[in-house]
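Worksheet for the structure shown next.
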Amino acid sequence: MRVRTDLPDVRAVEKAEAEAVAKVKAQHKAEEEALRKAKNSRQKLEEELYPPTEEEIERKRKEDEAAAKKKKAEDEASIALAKKSAEDQILNQKDTTLPIVITGPIVGKVTHRSAVILLEVDRRATVTCTAYDCSTGLRHVIRQRLDAVKPKTFRFDGLDADAPHLVFFTGIQNEDETVHKATFRTTVQRPTAASFYFLVRDEAPGVPDSSDYWKWLATDASNSRSRAHTVVHFASDLLDEVTLDQVQTMLSLYLRDEDEDDEAQFMIAKKLIRQQFRRALSFPNLRRILATSPSLFIPGSWRFHNKVLTERGSECGCVMQGLLDDVVDEYQGQLW
């Protein structure tokens, strides 16, 4: 087979083509520059032969000013539109770095000058709580650091007596949702009476209750003149049978004292109670009450005794009761 040896060098051809293109571009650029100079020279010559009048100069000045103002306005409008578009994009994006509310808001002790609001989030973050006085328009703001999965309260002082307040948060995910807002009304300066609602359940939250009762409670609690100054909750009612069975299993292993995992089993039992307590507080019907009425949690020892101690043994039941007291105190100890 014969091989041709007279083929041109590819690189040489490409180089020659590039030089030719560059030469043509340079020629076009030189022609455009020559035309520009010629146009400027002609304009200059015309100005020398036919100088503009004062009216033409003034008209040209005004036209230039109007054109400059128009360009400035267009530039400002473009900048404003770009900023708004960027802001809208940021607002529409869900900031996954913000914490998620897992408990609350819960209204605690309210007096004629103060109020306590509890919140719990899933990660450590700085959260701002604002209590807006609906009568005067004053805003009371508290900004503080919250630890992960630990309830913490915002304590407002210096409030006006007998005034409705709206509470909202910033620095959390979905901060505009209704479930993340609370309301309360400060008491009169010298109250002469107090009324209470006692919420007693035969079943833990989640089991279908009478919707009429919950509707009535929610309506009354959201009223600016609620008939109850405080809602009392028996914490023992918030524990379901499944949780009690799981806790009993862990405590039975703990009480046997047969291995080195006793401490871990004890902490697991406490964690199970805390998780169920927290889950119960997020039950929709109860959550609306907690966010609109001052709430007081008591362990409900006598009910817990009838429910647990007589069915599950005195030793295991007593430890369960102690764990429940500890968990309730984590929340109630801050609310009042």
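Key figures for this structure:
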read-out: Pair list, Cβ < 6 Å and 6+ apart or interchain, from the stretch 110-126 residues that are touching a residue at least 60 places away in the same chain (Cβ under 8 Å) to residues that are part of a strand (DSSP E or B) and of a type in the set (S, T, Y); value: V116/T153; L118/T153; E120/T103
read-out: Top-ranked residue of the stretch 169-196 - restricted to ones that are farther than 17 Å from G108 by Cβ, among the hydrophobic types (A, V, I, L, M, F, W, C) and surrounded by 14 or more Cβ atoms within 10 Å (Cβ to Cβ), ranked as modelled with the lowest pLDDT; value: V179
read-out: Of all residues in the stretch 130-142 being part of a strand (DSSP E or B) and out of contact with any His (no Cβ under 9 Å at 6 or more places or on another chain), the one that is least open to solvent (accessible area, probe 1.4 Å); value: I142
read-out: Any hit, the stretch 119-137, residues being out of contact with any Phe, Trp or Tyr (no Cβ under 9 Å at 6 or more places or on another chain), within 19 Å of Q332 (Cβ to Cβ) and modelled with pLDDT under 90; value: no
read-out: Residue match in the stretch 285-308 (condition: among the charged types (D, E, K, R) and at pLDDT 75 or above); value: yes
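The values are calculated or read from the model by the stated rules, or taken from the named source; none is laboratory data. Quantities reported herein were computed from a predicted structural model and do not represent experimental measurements. Every residue, glycine as well, gets a Cβ built from its backbone with ideal geometry; the counts of neighbours run over all protein chains shown. The accessibility values were calculated without ligands, DNA or RNA, using every heavy atom of the protein model including side chains. Shrake-Rupley method; radii C 1.70, N 1.55, O 1.52, S 1.80 Å.
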